[in-house]
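Every number here is computed from the coordinates shown, using simple stated rules; none is lab data. Note that this is a predicted model, so its numbers are computed, not measured. Glycine gets a Cβ as well: all are built from the backbone with ideal geometry, and neighbour counts include every protein chain shown.
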Amino acid sequence: MVQRSRFIATLAHAPDVESARAFIEEVRAEFPDATHNCWAFVAGPPGSTSHVGFSDAGEPHGTAGRPMLDVLLHSGIGEVAAVVTRYFGGVKLGKGGLVRA
């Protein structure tokens, strides 16, 4: 928890874009009452940028999806999709707080 907001990270193997998008939809269905389901994926080999995607899912621009994608790209792994689900706790974290969370 960060400032009363609850964050849940969910990861899956995503060998292709279709698998990544299907996983993202599964997580959205699992947490339909979440405030945000931000996501990022690298559907190719480690470091590849040919099959990537991300979404801030309603969080301020550049505060969720892009930082998540940057972590995946610099982690040395590929074929992975990540969704971070947020339940808002009543305290706005600001752009810096969201990126750090």
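Is it the case that Val17 is among the aliphatic types (A, V, I, L, M), touching a residue at least 12 places away in the same chain (Cβ under 8 Å) and surrounded by fewer than 17 Cβ atoms within 10 Å (Cβ to Cβ)? When the stated conditions are applied, Val17 passes them. Only one of the numbered conditions (1) charged (D, E, K, R); (2) within 11 Å of the chain's Cα centre (by Cα); (3) surrounded by 19 or more Cβ atoms within 10 Å (Cβ to Cβ) is not met by Glu79, and that is (2). The residue that is nearest to Asp56 (Cα to Cα), among those in the range 1-38 that are in contact with an Asp or Glu (Cβ under 7 Å, 6 or more places away or on another chain) and of a type outside the set (A, V, I, L, M), is Cys38.
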